[in-house]
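This report concerns only the one structure given below.
FYI, it's all coordinate maths here, none of it is from the lab. On a predicted model such as this, the values are computed, not experimentally measured, just so you know. For neighbour counting, all protein chains shown are included, and Cβ atoms are generated from backbone atoms with ideal geometry for every residue, glycine included.
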Amino acid sequence: MTNDLYYANGTEVQLFEWAFQQQMPVMLTGPTGCGKTRFVEHMGQLLGRPVVTISCHDDLTSSDLVGRFLVSGGDVVWNDGPLTRAVKSGALCYLDEVVEARHDSLAILHSLTDHRRTLFLDRADEVVTAPEPFMLVCSYNPAYRSSLKELKPSFRQRFVTIAMNYLPPEREADVLVAEAAVDRAVAQRLVNCATTIRNADEVFHFEPPSTRVLVAAARLIAAGASELEAAHACILAPLSSDGAITEGLREIAAANLLASDGSHVQSP
Ligand SMILES: Nc1ncnc2c1ncn2[C@@H]1O[C@H](COP(=O)(O)OP(=O)(O)OP(=O)(O)O)[C@@H](O)[C@H]1O
Ligand SMILES: [Mg+2]
């Protein structure tokens, strides 16, 4: 099922539009599964611009971004990389998890993210100035605690930053109903379960369950799973790297969700 409805969580749509008007790059921050990718796709549609997504990783080189010479039929020809193509076509270029890329690979973005709006393709001996609608959007998850990586201040301070987070409970339940076609009562119980875990985050020391895992659980329930089964598989097990579900989490789920016989077990 594909669905690209986006539920706004504040003034982010307006902020993004202003940045687009002013040709300023945007940095989205927020926990995994809170809607960053969905938001960029939505803004692409709203602004009538294609979105070119590049997933960053620590092997990503500046050549992977801008392009390289390739041998083709005995000739050596320059091939634009995805960033160059996005600049030339005036797309929204989305660099996902930008914190994963090495600093030297990101240096190429400096001239593109200030008043110059220019990409220097030194090897191809070409200078590309971004057309008006081109926009660079980056994202990263600052709470990802196992990551020791940090973006440089000289990079961060080039962007309009939009700090995203999970929707308020009522809106998050709207997302589950829209995405998975579950009853509102089911959606609300799933959201309550997640909210309890999120509020106990200090105790658990892991990244809390996201809207994404709630949508996944809701989809299993729509397919026939019980609420508890779906929550164990989609919400609780992914919280720890080994899939272990602690007693505390089990109790939270049991207190909020229905078992396969429709019963509601109250925790002590
Ligand atoms: N505001 C929202 N409106 C509609 N759906 C949402 C929203 N937020 C989250 N979702 C749902 O959660 C899913 C995950 O969202 P998305 O992929 O945008 O997260 P993300 O922030 O990009 O995560 P990651 O950092 O892991 O890439 C979406 O596919 C959608 O089902
Ligand atoms: Mg994403």
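Would you mind estimating how fast segment 40-83 diffuses translationally, via Stokes-Einstein at 4 °C and 1.567 mPa s with the Kirkwood radius over Cα pairs, in µm²/s?
103 µm²/s
Under a 5 Å amide H to amide H cut-off, with H placed in plane at 1.01 Å, what residues pair with Glu126 once short-range neighbours are removed?
Amide H neighbours of Glu126, under 5 Å, 5+ apart: Leu121.
Out of segment 150-227, which GluC sites (Glu not before Pro) are coil in DSSP terms and have no more than 12 other C-beta atoms within 10 Å?
Glu150
What is segment 201-241 by shape, rounded, prolate or oblate, if you read a ≥ b ≥ c off the alpha carbon gyration tensor as root eigenvalues and call it rounded for a/c under 1.5, prolate for a/b larger than b/c, and oblate otherwise?
Since a/c reaches 1.5 and a/b is larger than b/c, the shape of segment 201-241 is classed as prolate.
Can you give me the Rg/Rh ratio for segment 12-163, using Cα atoms for both radii and the Kirkwood formula for Rh?
0.97
Could I have the simple spin-label model distance between Ala223 and Glu132, label points 7 Å from Cα toward Cβ, reported in nm to one decimal?
Using points 7 Å along Cα→Cβ, the separation is 4.7 nm.
Go from 0 up to the bin containing the longest alpha carbon distance in segment 169-256, width 5 Å each, and give me the % of pairs per bin.
Taking all Cα pairs of segment 169-256, the binned fractions are 3, 17, 30, 26, 16, 7, 1 percent.
Quick one: go through segment 203-245 and flag any residue whose amide nitrogen is under 16 Å from the point 7 Å out along the Cα-to-Cβ line of Asp261.
Under cut-off, by backbone N: 226-229.
In deg cm²/dmol and to the nearest 500, what is the mean residue ellipticity at 222 nm of the chain if only DSSP H runs of at least 4 residues count, each as -39500 (n - 2.57), divided by the residue total?
Taken over the chain, the calculation gives -10500 deg cm²/dmol.
If you look at just the Cα atoms of the chain, how large are its Rg and its Dmax in Å?
In Å, with Rg to one decimal and Dmax whole: 21.6, 75.
Just to check I understand the Karplus step: with θ = phi - 60° and J = 6.51 cos²θ - 1.76 cosθ + 1.60, what whole-Hz values come out for segment 215-223, glycine and proline as x?
4, 4, 4, 4, 5, 5, 5, 4, 7
Name the residue farthest towards the positive end of the dipole of segment 152-232 from the options Ala231, Phe159, Asn199, assuming +1 on Cβ of Lys and Arg, -1 on Cβ of Asp and Glu, about the Cα centre.
Working it through, the farthest residue towards the positive pole turns out to be Phe159.
Kindly state, to the nearest 0.05, the FRET efficiency for Asp59 paired with Glu17, given R0 = 45 Å and r defined as their beta-carbon distance.
With a Förster radius of 45 Å, E is 0.85.
What list of ³J(HN,Hα) values in whole Hz, one per residue of segment 251-262 in order, does the Karplus curve 6.51 cos²θ - 1.76 cosθ + 1.60 (θ = phi - 60°) give from phi, with Gly and Pro shown as x?
With coefficients 6.51, -1.76 and 1.60, one gets 5, 4, 5, 5, 6, 9, 10, 8, 7, 5, 8, x Hz.
Roughly speaking, what is the stretch gain from Val77 to Ala244, that is 0.36 nm per residue apart minus the C-alpha to C-alpha distance, in nm to one decimal?
54.9 nm is the gain from fully extending Val77 to Ala244.
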